[in-house]
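Enquirer: Let me begin by handing over the structure; questions about it come next.
Just so it is clear, none of the values below were taken in a lab; they were calculated from the coordinates. Keep in mind that this is a model prediction, so the values were computed, not measured. Glycine gets a Cβ as well: all are built from the backbone with ideal geometry, and neighbour counts include every protein chain shown.
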Amino acid sequence: MDRPPREHQLNAEASAQHRLLDLQAKDTRLAQIAHRVKTLPEAVELAEIETRFARARDEGVAAEVIAADLTRDQTRAETDVEQVRERAKHDRQLMDSGAVNDSKQLTNLQHELDSLARRQAELEEVELEIMERVEGAAAAVRQLHAQRDSLAAERDAKADTVQALIADLDDERSIVTGERAVIAAEIPEDLLALYERIRADQAGVGAAHLQRGRCGGCRLELPPSEIEQLRKAPANEVIRCEECRRILVRTAESGL
């Protein structure tokens, strides 16, 4: 496998190189915080609750429209029944008054009363059916409103939880950012610039611990020949992993 060409050799005190591990730990924690903020399970739950709330709210509005339409139908049915009753009342009063003496007119009035009675019975049946539907629609509205209100309360409580979690993470991020700034100020500019460049290219990891002959960045074990070269390298020489090109920081646990 072709190796990338070696860059200009950089030297830095071993203590400064060790501080890179502290800096990397802070950057790793900052990345973890950012990921945590984006992937809060509580935020996912909040989104699900908001979806259910919106559905219950919309269904409630639709149920209100249906209930309103049925109420208007009920009003019309009641008006129709009342009109038939008034007409029958008028005909009955006319018959009972004795004002009509003609037998044919009396027969016609009786036929009309019979017809009105049948019509009234039909309209009252329709009215009763609509009343039952109105009651059912009203019950559906109450149920959906109760569900909506319950979800609203659950949503608000979950939103408070998410807000509190994010606030805690923001506080920690501020603390870690401050600690990172202190560490970065202790690292030589050229070494810090190299670290930042590598970190940008290597998924946020610019420096790794060389531990027992293994790169802590790519997790690959260094070949014996490379280990031997590292043993001979001066303590102030900044070394790089030949595989991932991250800065390798040597400690007592490096196995050299």
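Enquirer: 5 Å is the cut-off here: which amide hydrogens, built 1.01 Å from N in the peptide plane, fall below it relative to Asn11, excluding neighbours closer than 5 in sequence?
Expert: Val238
Enquirer: While we're on this one: Alpha carbon centre of the stretch 76-93 versus the stretch 161-236: separation in Å?
Expert: When both Cα centres are located, 91 Å separates them.
Enquirer: Mind computing the radius of gyration and Dmax over the alpha-carbon atoms of the chain? Å is fine for both.
Expert: Radius of gyration, then largest Cα-Cα span, for the chain: 42.3, 137 Å.
Enquirer: I need Ser254, Ser150 ordered by Cβ neighbour count within 10 Å, fewest first.
Expert: With the sparsest Cβ surroundings first, the list reads Ser150, Ser254.
Enquirer: Given Leu151, Leu230, Gln17, which one lies farthest toward the positive end of the charge dipole of the chain, if we put +1 on the Cβ of every Lys and Arg and -1 on the Cβ of every Asp and Glu?
Expert: Leu230
Enquirer: Just want to confirm a number: the relative contact order over the chain, from Cα pairs under 8 angstrom separated by 6+ residues, in percent.
Expert: Relative contact order of the chain: 33 percent.
Enquirer: Also, quick follow-up: Residue by residue through the stretch 32-37, which ³J(HN,Hα) values in whole Hz follow from phi under the Karplus form 6.51 cos²θ - 1.76 cosθ + 1.60 (θ = phi - 60°), with glycine and proline marked x?
Expert: Those phi angles translate into 5, 5, 4, 5, 4, 4 Hz.
Enquirer: Can I ask one more? Could you please report the charge total around Glu154, scoring K, R as +1 and D, E as -1 over all other residues with beta-carbon less than 13 angstrom from its beta-carbon?
Expert: After counting each charged neighbour, the total is -3.
Enquirer: Round to the nearest 0.05 the FRET efficiency obtained for Ala121 and Val61 when R0 = 30 Å and r is the Cβ-Cβ distance.
Expert: 0.25
Enquirer: What ³J(HN,Hα) values, in whole Hz, does the Karplus curve 6.51 cos²θ - 1.76 cosθ + 1.60 give for the stretch 142-157 when θ = phi - 60°, with x put for Gly and Pro?
Expert: Along the stretch 142-157, the couplings run 4, 5, 5, 5, 5, 5, 4, 5, 5, 5, 5, 5, 5, 4, 5, 5 Hz.
Enquirer: Oh, and also: Mind putting a number on the dipole of the stretch 24-113 about its Cα centre? Charges go on the C-beta only, +1 for Lys and Arg and -1 for Asp and Glu, and I need it in Debye to the nearest 20.
Expert: So the magnitude is around 540 debye.
Enquirer: In addition: Order of Ile175, Ile187, Ile33 from fewest to most other C-beta atoms within 10 Å?
Expert: Neighbour counts put them in this order, fewest first: Ile175, Ile33, Ile187.
Enquirer: Here's something else I'd like to know. Explain nothing, just compute: Karplus ³J(HN,Hα) = 6.51 cos²θ - 1.76 cosθ + 1.60, θ = phi - 60°, for every residue of the stretch 159-168 in order, whole Hz, x for Gly and Pro.
Expert: Running phi through 6.51 cos²θ - 1.76 cosθ + 1.60 with θ = phi - 60° gives 4, 5, 5, 4, 4, 5, 5, 5, 4, 5 Hz.
Enquirer: Taking the Cα centre as origin and putting +1 on Lys and Arg beta-carbons and -1 on Asp and Glu beta-carbons, what dipole magnitude results for the chain, to the nearest 20 debye?
Expert: That gives a dipole near 1560 debye.
Enquirer: Rounded, prolate or oblate: pick one for the stretch 132-256, where a ≥ b ≥ c are the square roots of the eigenvalues of its C-alpha gyration tensor, a/c under 1.5 means rounded, and failing that, prolate if a/b is larger than b/c, else oblate.
Expert: Verdict is prolate for the stretch 132-256.
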